[in-house]
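Q: For reference, the structure I am asking about is given below.
The values are calculated or read from the model by the stated rules, or taken from the named source; none is laboratory data. Bear in mind the structure is a predicted one, so any value in this text is a computation, not a measurement. Reconstructed Cβ throughout: ideal geometry from the backbone, glycine too, with neighbour counts over all protein chains shown. Protein only, heavy atoms only, side chains kept; ligands, DNA and RNA dropped before computing areas. Shrake-Rupley method; radii C 1.70, N 1.55, O 1.52, S 1.80 Å.
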Amino acid sequence: MVSESTAATLAALSVTISLPFFLYGAWYAIETEVMTWERLVHHLKFVVTGLVLTTAPMVLWMIPRLAEQFGGLAALHAFLGLQAYALLVLALTGIVRIFQAKRQADLYRNPDPEADIGELHENMGAWRRRLRIGVFGYLILWILAYLLGLYRYLLLHVV
């Protein structure tokens, strides 16, 4: 059986490794002038990999041990993490609608650089706001939870 410190180290490494995937995925989407289907899939490969590297240790290792460690820092860490995932859900509610509108307009297979995405649907502005707020909120809260998690890791398993 793996020791508690080894499992904590593996979880910390997995979450740490996810950050470059998130950052590259975000950079790629921001730098892409025209989002084609291939570029969207490329972007999502990195974002989904980051989510798996973050979510798997949380579900398999962190959550089952939360009740026995529940204190001030653990509660704050869990709160920040849950809020990050709540904002991720908010972002998903926007991206799903944007995806549907762009797909109905066939802008993934036949991209038109001149097409105004705001003209595709009357609610596009609200969906894009949801996406932006959700993504930036997720990233900010993820970083705060990550830093607090590293601090807890150092306190519990290193010092």
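Residue by residue, here is whether (1) open to solvent by 60 Å² or more (accessible area, probe 1.4 Å); (2) outside any helix (DSSP H, G or I); (3) under 22 Å from Glu33 (Cβ atoms) holds:
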residue: Thr93; (1), (2), (3): no, no, no
residue: Val96; (1), (2), (3): yes, no, no
residue: Asn110; (1), (2), (3): yes, yes, yes
residue: Pro113; (1), (2), (3): yes, yes, yes
residue: Arg128; (1), (2), (3): yes, no, yes
residue: Leu144; (1), (2), (3): yes, no, no
residue: Arg152; (1), (2), (3): no, no, no
residue: Leu155; (1), (2), (3): yes, no, no
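Q: Within the stretch 18-33, identify whether any single residue is of a type outside the set (S, T, N, Q) and more than 19 Å from the chain's Cα centre (by Cα), and answer yes or no.
A: yes
Q: Which condition number in (1) open to solvent by less than 70 Å² (accessible area, probe 1.4 Å); (2) under 18 Å from Gly134 (Cα atoms) is the one that Ala75 fails?
A: (2) is the only condition that Ala75 fails.
Q: List pairs: first in the stretch 17-29 and in contact (Cβ under 8 Å) with a residue 12 or more places away in the chain, second open to solvent by less than 80 Å² (accessible area, probe 1.4 Å) and of a type in the set (A, V, I, L, M), Cβ under 6 Å, 6+ apart or cross-chain?
A: Ile17/Leu53; Ser18/Leu53; Gly25/Val47
Q: I would also like to ask the following. Got at least one residue in the stretch 45-66 being open to solvent by less than 60 Å² (accessible area, probe 1.4 Å) and farther than 23 Å from Gly81 by Cα?
A: no
Q: Now a separate question. Picking from Leu156, Leu88, Leu120, which residue would you name as being more than 12 Å from the chain's Cα centre (by Cα), in contact (Cβ under 8 Å) with a residue 12 or more places away in the chain and closer than 30 Å to Thr9 by Cβ?
A: After applying the criteria, what remains is Leu156.
Q: Quick one: Arg39 ticks every box in (1) open to solvent by 80 Å² or more (accessible area, probe 1.4 Å); (2) closer than 30 Å to Leu154 by Cα bar one, so which box is it?
A: Against the list (1) open to solvent by 80 Å² or more (accessible area, probe 1.4 Å); (2) closer than 30 Å to Leu154 by Cα, Arg39 comes up short only on (2).
Q: Being part of a helix (DSSP H, G or I), at pLDDT 95 or above and closer than 28 Å to Arg109 by Cα is true for just one of Val41, Val52, Val47. Which residue is that?
A: On the way: Val41 fails: at pLDDT 95 or above; Val47 fails: at pLDDT 95 or above.
Every option except Val52 fails the conditions.
Q: Scan the stretch 55-73 residue by residue and report those that are among the aromatic types (Phe, Trp, Tyr) and assigned to a helix (DSSP H, G or I).
A: Hit for the stretch 55-73 is Trp61, nothing else.
Q: Is at least one residue of the stretch 73-83 under 20 Å from His157 (Cα atoms), without any contact (Cβ under 8 Å) to a residue 24 or more places away in the chain and more than 13 Å from the chain's Cα centre (by Cα)?
A: Yes, there is a match, as at least one residue in the stretch 73-83 is under 20 Å from His157 (Cα atoms), without any contact (Cβ under 8 Å) to a residue 24 or more places away in the chain and more than 13 Å from the chain's Cα centre (by Cα).
Q: Could I ask something else about it? Among the numbered conditions (1) within 17 Å of Tyr85 (Cα to Cα); (2) open to solvent by 40 Å² or more (accessible area, probe 1.4 Å), tell me where Glu31 comes up short.
A: Exception for Glu31: condition (1).
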